[in-house]
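Q: Sharing a structure with you now.
Readers should treat all values here as calculations from the given coordinates under stated rules, not as data from a laboratory. Since the structure is predicted, the reported quantities are computational estimates derived from the model, not experimental observations. Quick reminder, even Gly has a Cβ in these numbers, built from the backbone with ideal geometry, and neighbours come from all protein chains shown.
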Amino acid sequence: MKARIHPTHINGTVAVPASKSAMQRACALALLHEGSTIIRNPGKSNDDLAAIEIIKGLGAKVLQNDPGELLVGSTGLPAAAQSNIHCGESGLSIRMFTPIAAISSAAISISGEGSLANRPMDFFEGVFPQLGVSVRSANGKLPLTIKGPLHPDNITIDGSLSSQFLTGLLMAFAKTATRQLTITVIDLKSKPYIDLTLQMMKHFGYEVVHDNYERFIIQPQATNSKPQTYTVEADWSSASFLLVAGAIAGEITVKGLDLFSTQADRAVLQVLGTAGAGLSIQENEITVSKPLIGQCKAFQFDATNCPDLFPPLVALAAYCNGSSIITGVSRLAHKESNRALTLQEEFAKMGVAIEIQDDLMIIRGGAGVKGTALNSHHDHRIAMAGAVAALKAEGDSEIENAEAVNKSYPVFYEDLKMLGANVSLQ
């Protein structure tokens with residue numbers, strides 16, 4: 001699919017979709033809960049749908065109560081109803097559900113598609129043998145074949161590639177622990193996502209504390225079969241593109257975001273404020289607009305713990321007066337694309353120079369943005385960044401493989417059109 005964007009002033013109010021980070025975790029915790037769980041405001045992205053299919057494959061029953069609720073029934077322990085678990089293109093699902101699936105004594109093949117097939121999975125080959133789980137991969141890549149059952153024990157892991165591996169281990173350990181256990185983590189990245197994991201685990205009755213994110217202490221859980229209800233919060237990652245669009249091309253009000261969320265991408269507000277965008281923050285809505293005079297100002301920001309902010313912030317930086325610097329480039333290599341190089345390539349087509357120096361990305365903004373032909377590289381956040389940057393470009397832009405947004409924000413283009421953007425899909 002191609003998306004064609006004609007430069008337009010945008011204005012209006014929009015509610016963003018459910019957080020896929022929270023939705024997928026809710027699915028995992030509902031699988032591990034013995035009894036029934038109601039998930040309110042369930043996500044509908046491709047990653048969310050993959051998580052639902054995974055928990056079905058691991059023995060959960062999932063029913064649609066109404067458009068705003070899912071009812072999940074589970075025995076509390078994964079019991080592989082299928083010998084193959086397919087994770088679509090979700091990095092969180094493959095990393096989180098693999099330790100959970102290892103609780104089962106069945107041999108399970110775990111696969112994925114798209115860029116996920118090339119992401120490193122050798123983490124499991126280093127950790128699982130310490131926990132009694134046999135594992136086989138394709139030279140450190142998918143598919144994985146595992147056979148449990150997992151026997152949790154005190155271990156030390158490397159947290160530098162992704163915090164998502166730790167999320168899966170914390171859930172699997174908390175479910176199966178019969179004594180206090182400790183996971184020691186070296187160089188943990190994306191700490192806010194672990195905060196989200198621990199917050200949600202607490203909601204489901206698990207007791208995990210940490211010592212400066214270096215030692216995670218897990219207590220055994222008493223059996224709890226009381227029905228659970230969890231409401232998935234709105235997604236700051238998706239909202240960041242809309243908020244940046246307001247700063248570039250008009251005025252947008254985004255409703256439903258939790259200002260006290262643990263989601264890492266809430267930091268977009270900090271950047272918008274530094275850049276000088278018009279910003280009005282109320283309890284249930286945030287309004288962002290272009291500066292009253294001139295352009296936004298260049299900014300510096302460390303995105304090491306929120307790497308998904310790189311694409312929207314690059315779009316913002318393209319319209320800022322001067323050179324903006326974003327730290328944390330090393331976190332971008334193993335995304336849906338090599339995101340640093342993809343951003344550099346696609347924004348160069350729009351006349352925006354991006355330099356990469358070690359862990360720094362330098363965006364030369366303020367010299368104008370040209371409408372042009374872009375390619376998403378099958379990366380949802382690249383597609384959205386290109387569309388947002390195109391809103392005030394000089395001339396039309398066309399995005400190839402625009403359907404990549406379905407991974408996280410299926411109605412992204414419809415929401416842009418609702419805000420007055422001139423977008424056509426073909």
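Q: Which of Lys61/Lys255; Lys202/Lys255; Lys189/Lys349; Lys2/Lys392; Lys2/Lys44 have a Cα-Cα distance over 28 Å?
A: Numbers: Lys61/Lys255 32 Å; Lys202/Lys255 26 Å; Lys189/Lys349 32 Å; Lys2/Lys392 19 Å; Lys2/Lys44 21 Å.
In this structure, Lys61/Lys255; Lys189/Lys349 lie more than 28 Å apart at Cα.
Q: For the chain, what does -39500 (n - 2.57) per DSSP helix run (n ≥ 4), summed and divided by total residues, give at 222 nm, in deg cm²/dmol to the nearest 500? All intermediate terms of the calculation are to be shown ahead of the outcome.
A: Details: 12 runs with 128 residues, N = 426.
Dividing the helical sum by the residues of the chain leaves -9000 deg cm²/dmol.
Q: Among DSSP bridges having both ends in region 315-418, what percentage is antiparallel? Round to the nearest 5.
A: Among the beta bridges of region 315-418, antiparallel pairing accounts for roughly 75 percent.
Q: Could you point to the residue in Ala177, Ser90, Gly114 farthest towards the positive end of the chain's charge dipole, with +1 and -1 charges on the Cβ of Lys/Arg and Asp/Glu respectively?
A: Ala177
Q: From the residues Ala303, Met418, Phe124, which one has its Cα farthest along the dipole of the chain in the positive direction, the dipole being from +1 and -1 charges on Cβ of Lys/Arg and Asp/Glu about the Cα centre?
A: Farthest towards the positive end: Phe124.
Q: Then there's this: Of Asp47, Asp396, Asp187, which is the most mobile in a GNM of the chain whose springs link Cα atoms less than 10 angstrom apart?
A: Evaluated over the chain, the most mobile residue of the options is Asp187.
Q: So how tilted is helix 164-176 from the main axis of the chain? Cα-based, degrees 0 to 90, rounded to 10.
A: 30
Q: Relative to the compact globular guide of 2.2 N^0.38 Å, what is the alpha carbon radius of gyration of the chain, as a ratio? Could the numbers behind the result be given before it?
A: Details: Rg = 21.4 Å, N = 426, 2.2 N^0.38 = 22.0 Å.
In units of the 2.2 N^0.38 Å rule of thumb, it is 0.97.
Q: Moving on. Out of all DSSP beta bridges with both ends in the chain, state the antiparallel percent to the nearest 5.
A: Numbers: 55 of 81 bridges.
Restricted to the chain, the bridges split so that about 70 percent are antiparallel.
Q: What is the Å³ per residue value for the convex hull set by the Cα atoms of region 20-217?
A: 101
Q: Restricting to Cα pairs below 8 Å that are 6+ residues apart, what does the relative contact order work out to for region 268-426? Please round to a whole percent.
A: Normalised by residue count, the contact order of region 268-426 is 17 percent.
Q: Based on alpha-carbon centroids, what's the gap between region 368-426 and region 139-161 in Å, whole number please?
A: Measuring centre to centre over Cα atoms gives 37 Å.
Q: GNM on the chain, C-alpha springs below 10 Å: top fluctuator among Gln219, Gln282, Gln164?
A: Looking only at Gln219, Gln282, Gln164, the biggest GNM fluctuation is shown by Gln282.
Q: With springs connecting C-alpha atoms under 10 Å apart, model the chain as a Gaussian network and identify which of Ala80, Ala383, Ala333 has the largest mean-square fluctuation.
A: Result for the chain, Cα springs under 10 Å: Ala333 fluctuates most.
Q: Nearest 10 degrees, 0 to 90: what angle lies between the long axis of helix 339-349 and the longest principal axis of the chain (Cα atoms)?
A: Helix 339-349 sits roughly 20 degrees off the main axis of the chain.
Q: Along the charge dipole of the chain, which of Val135, Ile286, Gly73 sits closest to the positive end, that is, farthest toward it, with unit charges on the beta carbon of Lys, Arg, Asp and Glu (+1, +1, -1, -1)?
A: Farthest towards the positive pole: Gly73.
Q: If you don't mind, there's one more thing I want to ask. Report the charge-dipole magnitude of the chain in Debye, nearest 20, computed about the Cα centre from +1 at each Lys and Arg Cβ and -1 at each Asp and Glu Cβ. Before the final figure, lay out each step's value.
A: Values: 34 positive and 40 negative charges, 74 e Å.
It works out to roughly 360 debye.
Q: What number, in percent, do you get for the relative contact order of the chain if the mean sequence gap of Cα pairs under 8 Å and at least 6 apart is divided by its residue count?
A: On the way: 1034 pairs, mean separation 82.5, N = 426.
Relative contact order of the chain: 19 percent.
Q: What is the antiparallel percent of DSSP beta bridges lying wholly in region 20-217, to the nearest 5?
A: 80
Q: While we're looking at this one, here's another question. Under 1.5 on a/c is rounded, so check that first for region 180-221, then, if it is not, pick prolate when a/b is larger than b/c and oblate when it is not; a ≥ b ≥ c are the square roots of the alpha carbon gyration tensor eigenvalues.
A: oblate
Q: Roughly what angle does helix 20-32 make with the longest principal axis of the chain, taking Cα atoms, 0 to 90 degrees, to the nearest 10?
A: 10
Q: Going by a ≥ b ≥ c, the root eigenvalues of the Cα gyration tensor, does region 317-426 fall in the rounded group (a/c under 1.5), the prolate group (a/b larger than b/c) or the oblate group?
A: Oblate, since a/c reaches 1.5 and b/c is not below a/b.
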